[in-house]
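Taking it in order: structure first as structure tokens, then the write-up.
The values are calculated or read from the model by the stated rules, or taken from the named source; none is laboratory data. Model, not experiment: these values are computed from the prediction. As a convention, Cβ positions derive from the backbone with ideal geometry for all residues, glycine included, and neighbour counts pool all protein chains shown.
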There are 2 protein chains.
Amino acid sequence: MSPGNKSNPKALRVIPLGGLGEIGKNMMAIETADDIVIIDAGVLFPAAEMMGIDVVIPNISYLVERADKVRALLITHGHEDHIGAVPYVLKELDVPIYAPPMAEALIRARLREHKLPNAPKINSITPGERVSLGDFEAEWFSVCHSIPDATGIALDTPFGKIIHSGDFKIDHDPIVGNPSDFGALSRIAGDGVFLLMADSTYAEEEGHSDSDRTIVDSIHRLIADAEGRVFLSSFASQIARIQIAVDSAYASGRKIAILGRSMQNYMRIAQELGHLEVPDDLIVSPSTANSLPDREVLFLTTGSQGEPRAALARIARVDHREVRIKRGDTVIISATPIPGNETAIYSTQDDLVRLGAKLVHHKSNAVHVHGHARREELKGLINLTRPQYFVPVHGEYRMLQAHAELAVDQGVDEHDAFVITDGDVLELDNDRGRVNGRIDAGHVYVDGLGLWDEQVNVIDERRMLSEDGIVTVIIPRNAATGRIMGAPHITSAGFVSDDDAEKLFKDTVEELRNYLDRARTGNLEWTQLEASVKGTVEKFLHKRTRRRPLVVPVAIDI
Amino acid sequence: MSPGNKSNPKALRVIPLGGLGEIGKNMMAIETADDIVIIDAGVLFPAAEMMGIDVVIPNISYLVERADKVRALLITHGHEDHIGAVPYVLKELDVPIYAPPMAEALIRARLREHKLPNAPKINSITPGERVSLGDFEAEWFSVCHSIPDATGIALDTPFGKIIHSGDFKIDHDPIVGNPSDFGALSRIAGDGVFLLMADSTYAEEEGHSDSDRTIVDSIHRLIADAEGRVFLSSFASQIARIQIAVDSAYASGRKIAILGRSMQNYMRIAQELGHLEVPDDLIVSPSTANSLPDREVLFLTTGSQGEPRAALARIARVDHREVRIKRGDTVIISATPIPGNETAIYSTQDDLVRLGAKLVHHKSNAVHVHGHARREELKGLINLTRPQYFVPVHGEYRMLQAHAELAVDQGVDEHDAFVITDGDVLELDNDRGRVNGRIDAGHVYVDGLGLWDEQVNVIDERRMLSEDGIVTVIIPRNAATGRIMGAPHITSAGFVSDDDAEKLFKDTVEELRNYLDRARTGNLEWTQLEASVKGTVEKFLHKRTRRRPLVVPVAIDI
């Protein structure tokens, strides 16, 4: 696919490469005739149906083909769905990166795991700083989100000002970092806003998001009052939550042991950047924690989403190297389920209760607030910026749609609010906007060392294998004559139990005998033989088992 | 496994075979020295990790071994997680069934799909009816739940009265069927209650459940006010919800077209039993509905849980034979997600919005109430029955635990509230109770025509196949000498793309050559050769791809 034929060379192009129509792997390209800047480069964590895939990254072939135009990759904040694809981008594009400090530190840490063709050029920016990038000039402004140093980006273009909200909420008094800087935004928006792109994650939810402050007392009391040990599980990047836990532990005379490598890494980086204050001697090793009285211990742990390899799931499975649940422990889940994780989360929680833990979650106590703006806050941003054009970003389709409708309700002309999804090419000039064609912008699957685009049928094969397994029919042939030799040999995996296989495959060979006897005497092309064997075996096995394994005939020339 | 050695022959045995520790496949055995009765026989819908499994049923080997003691299968209500395993039970146990009318009709319908060894003996009971069953005498009482004819069961035993709540909520004025009959319960409980077993699904949730009445006006207004066509999606068994939709359609001058075979079946049965009233000529075919003005159409559809083969998902995929979404349609999702279904549900909803539908769900409007009692209602039941012993049923472990704690708070002695899970043998006599041993009571997987217990490794193989696929290494041998002939042949599925496979497998054969050359000249046992080939190929492929396919060496004797 390519952009529309009658593309307008004088228009600004807005091309989402990720994050529009699906939350995750956020990436947005902004293009003029001469220059391209990219905002964010995230990963998507694979859904269950993406069998065996490690992670999903955006397809950047459009950018690679225009590498000489790409001026910079601008980062809004350090969450994986905004920075996780940076190493993959740098393998194909030698582009300078501009990121706020926490994101910069996280990107540097991540790049250590990858071999890159060129030395990365990573620049740390602070809100208010301006960077000139060809046709563009970028300025970052603080927003409040569930990770420190979150920003939005204002981009001066030849057409006017673009404002990209990043992921944000409005919290005038956050625990860590700055509130969303509506003062700066008001100044930036003063000369008029050409295009507003804003976070749609909670565009379906009425009202305002809650401040971090609303959960401080509740978490503090839970930690102070618990008779036994306390485990608090949250996202490792949720530094404000960790600060609340640190303060509560200190005030109630508990030491903290950290479980999970990512929790350690994020806390270290946040401390180095001054986002997290931890009193001296508060942190102890898990083994020290095990030797302290129960009333004096708080474990901070990863795994709030039920991730099977994270500390909390290991503890729930009684598979953690150092820590075991005992009766009287309290486990606080300071997070809500990300859709798709529910089964793993509830199973982990169930196991913890089975082991004797008292479970505290967002339904029973005020222990979590989320990091995205709800409808009243979204209205506030639209009213402050009064944009000519509006593009909802960061959301599944129905959230984008709800956000666009909200913008129209707030005064954006209905022809100027565009619900676009990954790969759409939106062309905007000072008179009008339109979606003009599409580019390749689907998923790229990372599987071990390989990268695949969506068309590769390996995933479909895995899905078939996962349903009813595989049956391989091996047919030996004389290499010289091409004639079939002896009986076929049948082997299977994931299809039937070993007990059932012997008789079933003996019968299958019998079923094939007549057919193969005929084939043996004739001059049958392999493709014809292969199709017939496949069809015969599929039909026979379905009749006998009501299952449909993948049937693969293989000729072996001896 | 078997019950504890020092089992008490004089005790009553309560043995959960399903539904305790996991919601679904509910089944409970109650046993005296001479007799056994079973309450419910449900299925569990397989979780994503149960690769390719159609459905999960309880393990009834304990009952089959004691077939001569089993007097009856008593059914509380007609939901699949309470009746779905009946056909499988009847294949192994020739046991009479007693069920309220709606459940009875649904069981009969289900049995038509199965071949049974004996003619089923199914008895329809009505609340208040008593049935004598050896040591037991059963009486059903009405409860309110999200399907008509829901009941609880009171069981007279030599030890005293058992009350099993069934699935219930308290709604004093339900749309369809009877309220939970606390009058009957009060009479039944009058002489004292030996054991209460009660629904724990919402034992973690504070407050009362809402009445169906609270959503009537909202659904009515949505259907009356919609400018275009309306789709309402709910569970097919949710007859009260369907009655609300029918009444709203009639009042607002819309005809109804039913999409989904199960919706048609449940509606037909409910009408035959007098639970659903549908005005004459209100129901039209989908094709007639397509020819009516938009304002005059309501589609009732299955698929509220995102089930891929249900009508709503087909419509969302533009894959329905008769119905297409058009701009201006309203889709009401009159259900909440069952945990684990979120991804499929949101993806279906997203697709509907993408096609131009206006989406209405429980977060945006009052369009759903659930069918299980919350904590205040659960307290009510405990206080009314004042049981000696308490066993929470129907719930994941943390729900059972929360319910047991609630019962203790309400006055049950803490030694008399038992959180037991499937397979536990609870022995109760008039003095004390204890869990005494365990029986086999895990999952039995139904896969096509086969039944498997949990130990069979086919599921594990499928899981491996789904991650990184399979590599088959075919090694031809001389049948007479056992010597290896020629080079191995390698084939794969779900591992790498065809483009990558050729070179990779050529290199793998090369890697194996040295090893096989040596093996060819020596006298290597196949098991030894097999292990070495497997290890060598696994290591080589992991180095090259960072993937871990299932590697299967196969010897072919020619």
Residues that are away from chain B (no Cβ under 14 Å) and buried (at least 23 other Cβ atoms within 10 Å of the Cβ), drawn from region A:394-413 = A:His394, A:Ala407
request  = Output the residues belonging to region A:194-229 that are over 30 Å from A:Leu428 (Cβ atoms) and of a type in the set (Val, Ile, Thr).
outcome  = A:Thr214, A:Ile215, A:Val216, A:Ile219, A:Ile223
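Conditions tested, residue by residue: (1) more than 20 Å from the chain's Cα centre (by Cα); (2) over 30 Å from A:Phe194 (Cβ atoms); (3) in the same structural domain as A:Gly24 (by TED's automatic domain parsing); (4) of a type in the set (Asp, Glu).
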{"position": "A:Pro339", "(1), (2), (3), (4)": "no, yes, no, no"}
{"position": "A:Ile345", "(1), (2), (3), (4)": "no, yes, no, no"}
{"position": "A:Thr348", "(1), (2), (3), (4)": "yes, yes, no, no"}
{"position": "A:Asp351", "(1), (2), (3), (4)": "yes, yes, no, yes"}
{"position": "A:Leu378", "(1), (2), (3), (4)": "yes, no, yes, no"}
{"position": "A:Val391", "(1), (2), (3), (4)": "yes, no, yes, no"}
{"position": "A:Leu400", "(1), (2), (3), (4)": "no, no, yes, no"}
query = Would you pick out the residues in region A:220-244 that are under 25 Å from the mean Cα position of the chain (by Cα) and among the aromatic types (Phe, Trp, Tyr)?
reply = A:Phe235
Verdict on B:Gly356 being of a type in the set (Gly, Ala, Ser) and under 29 Å from B:His164 (Cα atoms) = no
inquiry  = Could you go through region A:65-72 and let me know if any residue there is under 28 Å from A:Gly395 (Cβ atoms), buried (at least 20 other Cβ atoms within 10 Å of the Cβ) and touching a His at 6+ places or on another chain (Cβ under 6 Å).
reply    = no
ask   = Given the conditions (1) within 11 Å of chain B (Cβ to nearest Cβ); (2) farther than 24 Å from B:Ile556 by Cβ; (3) touching a strand residue (DSSP E or B) at 6+ places or on another chain (Cβ under 6 Å); (4) not charged (D, E, K, R), and given that A:Gly450 satisfies all but one, which numbered condition is not satisfied?
value = (3)
request  = Scan region B:486-521 residue by residue and report those that are within 18 Å of A:Leu449 (Cβ to Cβ), assigned to a helix (DSSP H, G or I) and among the β-branched types (Val, Ile, Thr).
outcome  = B:Thr508
note = Exactly one of A:His361, A:His372 is buried (at least 21 other Cβ atoms within 10 Å of the Cβ), in contact with a Lys or Arg (Cβ under 7 Å, 6 or more places away or on another chain) and either within 26 Å of A:Val216 (Cα to Cα) or small (Gly, Ala, Ser) (or both), and that residue is A:His372
inquiry  = For the structure I just gave you, tell me whether B:Val246 is hydrophobic (A, V, I, L, M, F, W, C) and more than 27 Å from B:Leu106 (Cα to Cα).
reply    = no
Contacts under 6 angstrom Cβ, first residue in region A:289-305 being touching a residue at least 12 places away in the same chain (Cβ under 8 Å) and on the phi < 0 side of the Ramachandran plot, partner buried (at least 24 other Cβ atoms within 10 Å of the Cβ) and among the hydroxyl-bearing types (Ser, Thr, Tyr), 6 or more apart = A:Thr301/A:Ser233; A:Ser304/A:Ser233; A:Ser304/A:Ser234
task = Sort through B:Arg438, B:Arg513 and tell me the only one that's out of contact with any helix residue (DSSP H, G or I) (no Cβ under 8 Å at 6 or more places or on another chain), loosely packed, with under 15 Cβ neighbours inside 10 Å and touching a residue at least 12 places away in the same chain (Cβ under 8 Å).
result = B:Arg513
task = For region A:24-83, name all the residues that are within 14 Å of chain B (Cβ to nearest Cβ) and either closer than 23 Å to A:Leu155 by Cα or part of a loop (DSSP other than H, G, I, E, B) (or both).
result = A:Gly24, A:Phe45, A:Pro46, A:Ala47, A:Ala48, A:Glu49, A:Met50, A:Met51, A:Gly52, A:Ile53, A:Asp54
request  = Can you run down the residue pairs with Cβ atoms below 6 Å, 6 or more apart or on separate chains, where the first is in region A:401-428 and free of Cβ contacts under 8 Å to residues at least 24 places away in the same chain and the partner is of a type in the set (A, V, I, L, M, F, W, C) and crowded, with 19+ Cβ neighbours inside 10 Å?
outcome  = A:Gln401/A:Val419; A:Gln401/B:Val353; A:Ala404/A:Ala417; A:Ala404/A:Val419; A:Val408/A:Ala417
query = What number of residues within region B:166-187 are crowded, with 17+ Cβ neighbours inside 10 Å and without any contact (Cβ under 8 Å) to a residue 24 or more places away in the chain?
reply = 0
request  = Look at A:Asp440 and say whether it is within 14 Å of chain B (Cβ to nearest Cβ) and within 30 Å of A:Gly52 (Cβ to Cβ).
outcome  = no
key: Check on A:Arg386, away from chain B (no Cβ under 14 Å), over 30 Å from A:Ile153 (Cα atoms) and at pLDDT 95 or above   = no
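The rows are residues; the columns are (1) free of Cβ contacts under 8 Å to residues at least 24 places away in the same chain; (2) in a helix (DSSP H, G or I).
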{"site": "B:Val216", "(1), (2)": "no, yes"}
{"site": "B:Arg221", "(1), (2)": "yes, yes"}
{"site": "B:Leu232", "(1), (2)": "no, no"}
{"site": "B:Gln243", "(1), (2)": "no, yes"}
{"site": "B:Ala249", "(1), (2)": "no, yes"}
remark   = Of the residues in region B:260-287, those that are farther than 28 Å from B:Cys144 by Cβ and in contact with a strand residue (DSSP E or B) (Cβ under 7 Å, 6 or more places away or on another chain) come to B:Val284, B:Ser285, B:Pro286
inquiry  = Looking at (1) within 14 Å of chain A (Cβ to nearest Cβ); (2) touching a Phe, Trp or Tyr at 6+ places or on another chain (Cβ under 8 Å), which one does B:Leu426 not meet, given that it meets all the others?
reply    = (1)
Unmet criterion (only one of (1) assigned to a strand (DSSP E or B); (2) within 29 Å of B:Asn8 (Cα to Cα); (3) not charged (D, E, K, R)) for B:Val446 = (2)
query = Before we move on, is A:Ser180 assigned to a loop (DSSP other than H, G, I, E, B), closer than 21 Å to A:Val393 by Cβ and touching a Lys or Arg at 6+ places or on another chain (Cβ under 6 Å)?
reply = no
request  = Return the only residue of B:Pro16, B:Pro96, B:Pro100 being more than 14 Å from every other protein chain (Cβ to nearest Cβ) and touching a Phe, Trp or Tyr at 6+ places or on another chain (Cβ under 9 Å).
outcome  = B:Pro100
Residue that is nearest to A:Arg546 (Cα to Cα), among those in region B:105-161 that are surrounded by fewer than 23 Cβ atoms within 10 Å (Cβ to Cβ) and either outside the structural domain of B:Arg432 (by TED's automatic domain parsing) or among the acidic types (Asp, Glu) (or both) = B:Glu113
inquiry  = Looking only at region A:475-485, how many residues end up being part of a loop (DSSP other than H, G, I, E, B) and facing chain B (nearest Cβ under 10 Å)?
reply    = 3
ask   = Just checking, how many residues over region A:324-354 are within 11 Å of chain B (Cβ to nearest Cβ), buried (at least 18 other Cβ atoms within 10 Å of the Cβ) and part of a loop (DSSP other than H, G, I, E, B)?
value = 3
ask   = Any residue at all in region B:461-473 that is touching a Phe, Trp or Tyr at 6+ places or on another chain (Cβ under 9 Å), in a loop (DSSP other than H, G, I, E, B), within 7 Å of chain A (Cβ to nearest Cβ) and crowded, with 17+ Cβ neighbours inside 10 Å?
value = yes
